[in-house]
Amino acid sequence: MTWSPNHQAEFFTFPDGLPPQVLPGDFLHTPSPETKNAIFSSYLPIQEAEAERGRVLLARLEKLAPSVAEKFTVRDGLIDDFALRLINESSVDVETDGDVRSFVVMSYCWDPRYEDRWKGEYGEEFTIPFSSLIMQTVIQERQSATEGIWIDQVCINQRSEAEKNVAIPAMAALYKQARLVVVAIGDIEVSVEEQKVLRDFISSLETFGIVTTQLPFTRTVPPFMHQSPVLRGFWDKFLGSRWFTRAWCSHEMQLSQNLLFVIPCSSSSNYQDTSLVFKSSFVWYLAMLSGEIPSSTTRLSRIRDMVATKFDIYHNESQASNTSTVSNSFVTHTQNIMSLSTGGNPTLEEPLRTCDARRDKISIVLNSAGYGLILKRREELLKLYSSDDECFRQLLTVAIAAGDPLALCCTGPSLTFETQKSWLSRPGINARDIGSDPSHKALPAFAIDSMQMDDSPSSSWIQLDGFKIDNEVPPSEEALTAAVFMTLKCQSLGMGVPPANSGIPIFSTGPGYDFWDHAIHRNQDFSSFTRTIAAILDCGLVWMLETAELCGFPRNHLEGWKKDAMGYFQEGFHVQELIKMGWAGEEEGRNGVRSLLRFAMWLITWGVQTVHEYPLVSQGPLNWFPTVYESLQGAKLLIFSRLTAAPSTSRSSDNKPLEVFVPKCLAVDGYEKLARCWLVTPGSASKNREEDELERLEAEPSNNLTAKPMILESKTRIFSARPIGGLGFDVKTLSHVKIYGA
């Protein structure tokens, strides 16, 4: 795909004044049912397809978790019940004037300065809920004088709960069908200095033609954003807008096909009543420029990554409806929406207003999913949503019923209900559950036929088939020696591994490593790091290359990394040569060892971060430990687990042996990047089982894993050059294993 830097952004000045803040009620028009059907005609087949998916999913959910299923219903017939109103001049006849299929929708944050929306009864004069300058800009952006504008605070009767309950699930249709969605960024202004810099920057972009390869001003030294602190300051201010913190706004961004951003400008003697307008592709371009320098804060980094993914003009392909695949975004979208804010019904007192806000978040996630379900907004159930974990429980259960593998591979903390811990976990931070090389392709859906779940409010256990992996292989002494010597030499050469006693994490970012954006920032155990290097040496060069291909080594760096690795390690690692340090004296050797370091750092970053409590904060050394397992045919895999006992074994937090269990439904092609390895312990210490079951099972002498329930300690990734399960790695098949939360 090509990109044109022309007409990406522009300034509008309105010398003739702005519209009034309060408009008469006759500016609000209600199209006839026939006109409304014409507007949504192209969406009706989508609605019917979603309704059919919803019926299938609800049947699966009723089988898996009936108590969760009864809180949802099928999304069907919403357009018929939705009260559509559009803002336009009072003289416009929406039945005869203009193209009735076209309208503009507003996305904005509710502002207390414009709270008085209606004067008197609904339908009389109303207040525009953002500045007149933004409203005039929206009017300017209409493609015709008769094109209508939809604003939720005005076009939905906010005093009618019944109307709002119909409108909320209809948002998907509205935002998808809009010709244009205008985002009003009303809490910031473009300063006079920023206006000057941006005008010059936009003019310079106009000199470029169609871009097919390198984007303008990228890959400069120093980076362009570093050269232009005013532009960077504007970018940070833009990402810091309140709009990016609101769940409803995020929802509207995800649904919209064509977005335009509007920001008011500070007044000056030359520019009165001026606004800056730019396309979503301009936001993507600025995200590419800013990606060449570190973000000012973690929050800004997260938002930059989000908009870069959403507006990616090269890879933002739509998902085809297919019952055999599921989107890889539902679980990560759940985590994103739950981390944002919603206001809830302002007429409710606390804590009910907060409960209503949480309920809104469930509706937002479902609106984006395409699953064909909506939440029953029954007031008698409002108190049920007194915790975020209840929202996660319902949404993750829906995802499991849909066959979404991410719901089984979440790496966040266990859901907790009073003092009871569930086997379900929250999604990991920053969408890291989907792996280090996330793709836009849908993942294969898994079957739930043999799966059972605890349907109680605590969701304490799941029962499913799986595989047990054992035959642990300790590192060889030769590989350990080479790993220690090589790491120490790398430290002395400054090759990405920091000097001893520097206080810098052992696998911190360094020259050439910062594109991984490491999630862990603590001092690491030198022994565990070198044992990771030793494990790679023992597994071999072919294993390293094939594992990188299969398990998600970043695609944009894969070929260059392989070239460096194979340029020196042409026929294998030759451990004795590494010990003798001959590599350190030649550039090809240093590049080869640097590629080995990069692979180790990638393994650790994407393996260790799934093992430990969330979020990752500095609380002392991480007890991580690499473990290699070998099959009878010689195939090898590597995982990371906790280490509190002797280095020769993997142990849980209370020194019970950790079993490696892979659910059978996750042992299929396509899931290689997910945290599908469950580290479990025998269930004798579980507080979640009934006493009679515990006594009966402990009285039966058996070493069979299926004979006793297990406790899920954590989840991690499997790094292997071969598929797991019956597809190439010999394992023990286990049936009906009941697994409890820790």
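The table below gives the values:
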| read-out | value |
| --- | --- |
| Selected residue (criterion: farthest from residue 356 (Cα to Cα)) from residues of the range 140-165 that are surrounded by 18 or more Cβ atoms within 10 Å (Cβ to Cβ) and aliphatic (A, V, I, L, M) | 149 |
| Residues that are over 30 Å from residue 216 (Cα atoms), touching a strand residue (DSSP E or B) at 6+ places or on another chain (Cβ under 7 Å) and open to solvent by 30 Å² or more (accessible area, probe 1.4 Å), drawn from the range 1-27 | 21, 22, 27 |
| So residue 40, is it surrounded by 13 or more Cβ atoms within 10 Å (Cβ to Cβ), in contact (Cβ under 8 Å) with a residue 12 or more places away in the chain and outside the structural domain of residue 126 (by the TED database) | no |
| Boolean, residue 670 is at pLDDT 80 or above, open to solvent by 20 Å² or more (accessible area, probe 1.4 Å), more than 34 Å from the chain's Cα centre (by Cα) and of a type outside the set (Phe, Trp, Tyr) | no |
| Entirely in the range 380-489, the strands (runs of 3 or more DSSP E) that have 1 or more residues that are buried (at least 20 other Cβ atoms within 10 Å of the Cβ) and modelled with pLDDT under 90 | 461-469 |
| Conditions (1) over 30 Å from residue 190 (Cβ atoms); (2) under 30 Å from the mean Cα position of the chain (by Cα); (3) of a type in the set (Val, Ile, Thr); number of the one not met by residue 2 | (1) |
| Residues satisfying the stated conditions in the range 552-576, i.e. more than 23 Å from residue 673 (Cα to Cα) and buried (at least 17 other Cβ atoms within 10 Å of the Cβ) | 564, 568, 569, 573, 574, 575 |
| Residues (open to solvent by less than 10 Å² (accessible area, probe 1.4 Å) and at pLDDT 90 or above) located in the range 364-379 | 364, 365, 366, 372, 373 |
| Helices (runs of 4 or more DSSP H) wholly inside the range 27-140 containing at least 1 residues that are of a type outside the set (Gly, Ala, Ser), at pLDDT below 95 and farther than 17 Å from residue 158 by Cβ | 33-39, 44-64, 78-81 |
| Pair list, Cβ < 6 Å and 6+ apart or interchain, from the range 282-302 residues that are in a loop (DSSP other than H, G, I, E, B) to residues that are open to solvent by less than 70 Å² (accessible area, probe 1.4 Å) and modelled with pLDDT under 85 | 295/301 |
| Residue match in the range 211-230 (condition: within 20 Å of the chain's Cα centre (by Cα) and open to solvent by 20 Å² or more (accessible area, probe 1.4 Å)) | no |
| Any hit, the range 583-591, residues being open to solvent by 50 Å² or more (accessible area, probe 1.4 Å), at pLDDT 85 or above and outside any helix (DSSP H, G or I) | yes |
| Matching residues in the range 211-228 - criterion: being of a type outside the set (Val, Ile, Thr) and over 12 Å from residue 293 (Cβ atoms) | 214, 215, 216, 217, 219 |
| Among (1) open to solvent by 70 Å² or more (accessible area, probe 1.4 Å); (2) over 22 Å from residue 89 (Cα atoms); (3) free of Cβ contacts under 8 Å to residues at least 12 places away in the same chain - the single one residue 52 does not satisfy | (3) |
| Top-ranked residue of the range 287-331 - restricted to ones that are touching a Leu at 6+ places or on another chain (Cβ under 7 Å) and open to solvent by 30 Å² or more (accessible area, probe 1.4 Å), ranked as modelled with the lowest pLDDT | 325 |
| Every residue from the range 593-630 that is hydroxyl-bearing (Ser, Thr, Tyr) and either open to solvent by 40 Å² or more (accessible area, probe 1.4 Å) or at pLDDT below 80 (or both) | 605, 610, 614, 618 |
| Scan of the range 241-250 for residues that are open to solvent by 10 Å² or more (accessible area, probe 1.4 Å) and more than 19 Å from the chain's Cα centre (by Cα), ordered by number | 242 |
| Residue tally, condition farther than 23 Å from residue 147 by Cα, crowded, with 20+ Cβ neighbours inside 10 Å and β-branched (Val, Ile, Thr), over the range 169-199 | 1 |
| Qualifying positions in the range 55-83 - closer than 30 Å to residue 124 by Cβ and in contact (Cβ under 8 Å) with a residue 60 or more places away in the chain | 78, 79, 81, 82, 83 |
| The range 463-484: number of residues that are under 37 Å from the mean Cα position of the chain (by Cα) and either under 17 Å from residue 630 (Cβ atoms) or charged (D, E, K, R) (or both) | 10 |
| Unmet criterion (only one of (1) over 31 Å from the mean Cα position of the chain (by Cα); (2) hydroxyl-bearing (Ser, Thr, Tyr); (3) at pLDDT 50 or above) for residue 644 | (3) |
| Qualifying residue in the range 360-374 (condition: on the phi > 0 side of the Ramachandran plot and of a type in the set (Asp, Glu)) | no |
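The values are calculated or read from the model by the stated rules, or taken from the named source; none is laboratory data. Computed from a predicted model, the values in this text were never measured in an experiment. Please note: Cβ atoms are built from the backbone with ideal geometry, for glycine as well, and neighbour counts cover all protein chains shown. Heads up: the accessible areas ignore ligands, DNA and RNA and are worked out on the full protein's heavy atoms, side chains in. Shrake-Rupley method; radii C 1.70, N 1.55, O 1.52, S 1.80 Å.
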